[in-house]
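Bear in mind that the values in this text are calculations on the coordinates, not laboratory data. Remember, predicted model here, so these are calculated numbers, not experimental data. Cβ coordinates were reconstructed from backbone atoms using ideal geometry, including for glycine residues, and neighbour counts include every protein chain displayed.
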Amino acid sequence: MHAAVTTLFISDTHLDGTRPDITAQFLEFLAGQARTAQRLYILGDLFETWIGDDDPDADKRRVCSALQSLTSHGVPCFVMHGNRDFLLGRRFEQTTGATLIDDGTVIDLYGRRVLLMHGDTLCIDDPAYQRLRRIVRNPLVQWGLRRLSLTQRQWLAKKMRAGSKAHIESADKATPYIMDVNRQAVIDTLRRFKVDCLIHGHTHRPAIHDLTIDDRPATRIVLGDWYDQGSVLRWNERGYELVGMRR
Ligand SMILES: [Mn+2]
């Protein structure tokens, strides 16, 4: 395996000051295997919360400067918004040298067209979540959010996190399937983008799913989280592997 032509994919690191061990693991990853990669893609929820590019949190600053040293080392880094860090903006791009990419970006991976998503838009069996998503992703709402003071945004982020935790816990118990992607939504999305491969995160259910769409084989690769999985997808011209990196 030629390390220099490997593209790396991660998601759902959920970096947060309350779990310094994960931040340390991530910084080690950036200084280690990411340095030898051709490109690094982060498919959402890099941070547990992101209240704006003026977030003074010391741990987040450390992560940003580590990303900056990776990109200045010559490894392009692409970051997608997740449902936690959807306020990552231009200043984040400038300080890290990373490039924000749209949820639903098609890339060419050694000759194969592959669709990249965070994954939350595929979880359509959870209408309460989709409703909230529509609100917070509304440009007007975001315009308003960015104008709140740091303290107000910190308070709001805490509220939203508590609300999300309660929602996930109750739904996980009562109806665990609604927290996963909807099968038909996956098929429709692959058809719409005319691709036979999708990489996403969000559900924290790492797996490689084989599908058949219109009598043709397709693949859905789900990245795991970094709470205890440290999931990395490594892809080169010879193929791909989803590595656990369990701690
Ligand atoms: Mn997510």
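Overview of results
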item	result
Net lengthening on full extension, S65/E93 (0.36 nm per residue, minus Cα-Cα)	8.9 nm
Fraction of beta bridges assigned by DSSP in the range 3-243 that are antiparallel (%, nearest 5)	55
Helical segments meeting 30 Å axial Cα length and Kyte-Doolittle 0.0 threshold in the chain (DSSP H)	none
Relative contact order computed over the chain (Cα-Cα under 8 Å; 6+ residues apart), in percent	22
Stokes-Einstein D for the range 3-243, Kirkwood Rh over Cα pairs, 25 °C, 0.890 mPa s (µm²/s)	133
Sorted by Cβ neighbour density within 10 Å, fewest at the top, the residues D57, D214, D225	D214, D57, D225
All lysines inside 30 Å of K60 as judged from Cα atoms, apart from same-chain residues fewer than 8 positions distant	K158, K159, K165
Segment R137-K173, length gained on full extension (0.36 nm per residue, minus Cα span)	10.2 nm
Per-peptide average of other Cβ atoms within 10 Å, ordering 129-136, 11-18, 40-47 highest first	40-47, 11-18, 129-136
Most fluctuating residue given options P76, P206, P127, as computed from a GNM of the chain linking Cα atoms under 10 Å	P127
Förster radius 41 Å - calculated FRET efficiency between R147 and D228 (Cβ-Cβ, nearest 0.05)	0.65
GluC sites (Glu not before Pro) within the range 161-244: DSSP coil, no more than 16 neighbouring Cβ in 10 Å	E237
